[in-house]
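Below is one structure; the comments refer to it alone.
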Amino acid sequence: MTDVAIPWVLELLIAVFLLVGALVALLGTLGLVRFPDFYTRLHAPTKASTLGVGCTLLGSMIYFSVIKEGISAQEVLITLFLFVTAPVSAHMMAKAALHRRVNAVKRTRQTPWSEE
């Protein structure tokens with residue numbers, strides 16, 4: 001494939017980033033399936049996608065930096081785009097749900113739209 005020899009420490013670091021990213025993405029998916037209401041379901045995949053895809057992209061950036069001997073601009077831009085848009089989109093969805101008064105589970109201590 002390539003003739004570039006990667007030191008074993010970098011291979012280990014890349015593998016750790018890729019595995020942590022995959023594990024966090026899996027946990028976010030499980031949170032999406034298991035959590036009871038919209039607000040908690042929104043929280044799990046948003047945090048997991050930011051951290052999981054961020055770790056995966058970091059491992060990819062390290063790998064291609066060693067192979068090409070330079071930082072890949074595409075991966076840096078994808079990472080910046082992800083870290084900017086994921087929290088903003090989650091905030092906008094939560095605000096829309098609050099505006100529409102989407103119900104939370106009964107265990108929730110206080111609803112933001114209560115008349116108390």
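The values are calculated or read from the model by the stated rules, or taken from the named source; none is laboratory data. Since we're looking at a predicted model, the values are computed, not measured. Here Cβ is always computed from backbone atoms with ideal geometry, including for glycine, and neighbour counts include all displayed protein chains.
Worth pointing out:
- Of the residues making up the range 63-85, just one is assigned to a loop (DSSP other than H, G, I, E, B) and surrounded by 14 or more Cβ atoms within 10 Å (Cβ to Cβ), namely Ser72.
- Enumeration of residues in the range 90-104 that are within 20 Å of Ala44 (Cβ to Cβ) and either in contact (Cβ under 8 Å) with a residue 12 or more places away in the chain or surrounded by 13 or more Cβ atoms within 10 Å (Cβ to Cβ) (or both): Ala90, Met93, Ala94, Ala97, Leu98, Val102, Asn103, Ala104
- Residues within the range 15-34 that are more than 17 Å from the chain's Cα centre (by Cα) and either aromatic (Phe, Trp, Tyr) or modelled with pLDDT of 95 or more (or both), tallied: 1
- Filter pass, Ser60 being touching a helix residue (DSSP H, G or I) at 6+ places or on another chain (Cβ under 8 Å), part of a helix (DSSP H, G or I) and at pLDDT below 85: no
- Of all the residues in the range 33-51, those that are of a type in the set (Val, Ile, Thr) and over 14 Å from Thr85 (Cα atoms) number 2.
- The single condition among (1) touching a residue at least 12 places away in the same chain (Cβ under 8 Å); (2) part of a helix (DSSP H, G or I) that Pro36 does not meet is (2).
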